[in-house]
1. How much length, in nm to one decimal, is gained on full extension between L71 and R30, taken as 0.36 nm per residue of separation minus their Cα-Cα distance?
2. Please arrange F165, F86 by how many other C-beta atoms lie within 10 Å of their C-beta, fewest to most.
3. Name the most mobile residue of L113, L169, L127, meaning the one with the largest mean-square fluctuation, in a Gaussian network model of the chain with Cα contacts below 10 Å.
4. Name the most mobile residue of G99, G21, G32, meaning the one with the largest mean-square fluctuation, in a Gaussian network model of the chain with Cα contacts below 10 Å.
5. Rounded to the nearest whole Å³, what is the per residue volume of the convex hull around the Cα atoms of region 2-183?
6. In region 45-106, if every C-alpha pair distance is counted and binned at 5 Å from zero, what percent goes to each bin?
7. Where nothing but the Cβ of Lys and Arg (+1) and of Asp and Glu (-1) is charged, how large is the charge dipole of region 21-132 around its Cα centre, in debye to the nearest 20?
8. Would you mind getting me the FRET efficiency between M1 and L116? Use the beta-carbon distance for r and R0 = 25 Å, nearest 0.05.
Amino acid sequence: MVVLIILAYLLGSVPSGYLLGKAVGIDVRRVGSGNIGATNVARAIGKRQGIVTLIADAAKGFLPVLAGIHLDFEPAALAGIAAAAFVGHIYPLFLKFRGGKGVATALGALLALAPLATLVLATLFGLVAFTSRIVSLSAMTAALAAPFVLWLFYQPPPVIGLGFFYAGLIVMRHHDNIARLRAGTEPRFGEH
């Protein structure tokens, strides 16, 4: 189990968006919001690269948790693996511990752990995104709802605890977005 937690952290640390930017000569940390996640990559490089970043970042959460499920690990161990991948994305070893906001990696891990609950959270994200066109607001809304949706779907306590962990760190990582939301200057999706 410890080996898989370490591997999950290392996989989470692979900076997908940063690497895609570097491949075309752009350091995404120096453009737009400076974030290495899918939204900033889409704005800085293009929608296709943003989608690739989203899929790659989600896979960083999904694959190690899926491995733990196939190894028949208990819920607490699975939550630890999911948390390690998420922390790896936020504090990546390969970028001097300055990473993204963790939303896609959390999504991937929850998709492996609780697919139906994740479908509800993705729908909530989509509804908020459709009505507001503000990705950060959508991400924080879904993150804050995660522990409660996981509880409604009868997930075990370690997974619900993981939901609270995700919610706290995701909101904390969006502190700049929260300031811009309050000021009315947070960009809407499709704007540069």
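Taken together, the values in this text are just the output of simple stated rules run on the coordinates, not laboratory data. Here the structure is a predicted model, which is why all the values come from computation and not from measurement. Heads up, the Cβs are rebuilt from the backbone with ideal geometry, glycines too, and the neighbour counts pull from every protein chain shown.
1. 10.7 nm
2. So the ranking, lowest neighbour count to highest, is F165, F86.
3. Among L113, L169, L127, the largest mean-square fluctuation in the Gaussian network model of the chain belongs to L127.
4. Greatest mean-square fluctuation among the candidates belongs to G32.
5. 106
6. 4, 20, 23, 22, 17, 9, 4, 1, 0
7. 660
8. Plugging the Cβ-Cβ distance into 1/(1 + (r/R0)^6) gives 0.45.
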